[in-house]
Amino acid sequence: MPSLLKIKDLKVIYPLKSRTLFRSKTGKTAVNNISFELEEGETLGIVGESGCGKTTLAKAIMNVLKFNNPYVRVEGSIEYSESLNQRQDIQMIFQDPYSALNPRHTLKTIIEEPLLYCTKLSKVERELRIREIMEKVGLSSAKLNSFPHEFSGGQRQRIGIARALITNPKIIIADEPVSALDVSIQAQILNLLNDIKKEFNLSMIFIAHNLPVVEYISDRVLVMFRGEIVESGKTGDVIKNPTHKYTKELISSVPEYVAGN
């Protein structure tokens, strides 16, 4: 399968806070020498503990790191397929469905916003697209003028998914999309992500710290530890035959994996 993304020797360095007028050339390396490819139609899982660099990696791919901190250094290369329009074809689903949505905006405004920036659709076309996507993610169009606080956590994450899908992207980056949800709701969202991936022929980068969740949804997995990829391969193979110490520790911390051995 052709690759949509090729990441080579990617390094992200955050500046250290300093009281001096001059900034040091040194800093904290959040992502270190990471290389991988995302193939068309696959779900690539990225698993690791909090703070290991997963979200920083996602933001680097989205090219949004410098929006919040212009002093961040990004080295290495991210090659995008010529078929990709970065602004429209790569979208993100965020971890926290409570803080990711503007509380002052209605559901319609939240979902419609990417269309205003990325497309030239008319008002009628945007309205039709919004209703179509809402149906796909299991939301009623009768709620178009409702605000985020009127929805449950699972419903808010569906809003986030709808917003990510609205531009008809080719790649979805899902950053811990179920970690803030109840277990019963997690399964619903995972099944929804699987369904829309197949229906829209999406490629997906699925970020999590929960290994069983990654196993359920991913074709391949990258294991991250302290900013580096320490193991990679087909998800089932990595779980059955881990080689790195950290991967083994991840697996041994999951009761069902231990019981299965």
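The values are calculated or read from the model by the stated rules, or taken from the named source; none is laboratory data. Here the structure is a predicted model, which means the values were calculated and not measured. Every residue, glycine among them, receives a Cβ derived from its backbone with ideal geometry; neighbour counts consider all protein chains shown.
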Can you tell me which of LYS245, LYS234 is surrounded by fewer than 12 Cβ atoms within 10 Å (Cβ to Cβ) and either within 14 Å of GLY48 (Cβ to Cβ) or without any contact (Cβ under 8 Å) to a residue 60 or more places away in the chain (or both)?
LYS245
Just to check your reading of the model, which residue among ILE130, ILE159, ILE189 is assigned to a helix (DSSP H, G or I) and in contact with a Gly (Cβ under 8 Å, 6 or more places away or on another chain)?
ILE189
Options LEU250, LEU192, LEU211: the member that is surrounded by fewer than 20 Cβ atoms within 10 Å (Cβ to Cβ), of a type in the set (A, V, I, L, M) and outside the structural domain of GLY154 (by the TED database)
LEU192
Among the residues of region 203-223, the number that are farther than 16 Å from ASN191 by Cβ, at pLDDT 95 or above and over 12 Å from the mean Cα position of the chain (by Cα) is 5
How many residues are in a helix (DSSP H, G or I) and not acidic (Asp, Glu) when one looks only at region 98-127?
13
Would you point out which residue out of THR56, THR106, THR29, THR43 is closer than 26 Å to LEU121 by Cβ, of a type in the set (Val, Ile, Thr) and either buried (at least 17 other Cβ atoms within 10 Å of the Cβ) or assigned by the TED database to the domain that holds PHE147 (or both)?
THR106
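Within region 137-166, can you find the residues that are at negative phi and surrounded by fewer than 17 Cβ atoms within 10 Å (Cβ to Cβ)? Talk me through it step by step, then tell me what you get.
Applying the first criterion (at negative phi) to region 137-166 yields 137, 139-166.
Answer for region 137-166, where residues must be at negative phi and surrounded by fewer than 17 Cβ atoms within 10 Å (Cβ to Cβ): SER140, SER141, ALA142, LYS143, ASN145, SER146, PHE147, HIS149, GLU150, SER152, GLY153.
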Among the candidates TYR98, TYR14, which residue alone is within 19 Å of the chain's Cα centre (by Cα) and either within 30 Å of SER140 (Cβ to Cβ) or not assigned by the TED database to the domain that holds ILE130 (or both)?
TYR98
Given the condition closer than 30 Å to ILE111 by Cβ and among the polar types (S, T, N, Q), answer yes or no: does some residue in region 14-36 qualify?
no
Would you point out the residue of region 63-83, among those that are part of a loop (DSSP other than H, G, I, E, B) and touching a strand residue (DSSP E or B) at 6+ places or on another chain (Cβ under 9 Å), that is surrounded by the most Cβ atoms within 10 Å (Cβ to Cβ)?
VAL72
Among the listed residues ALA187, ALA180, identify the single one that is farther than 18 Å from TYR98 by Cβ and among the small types (Gly, Ala, Ser).
ALA187
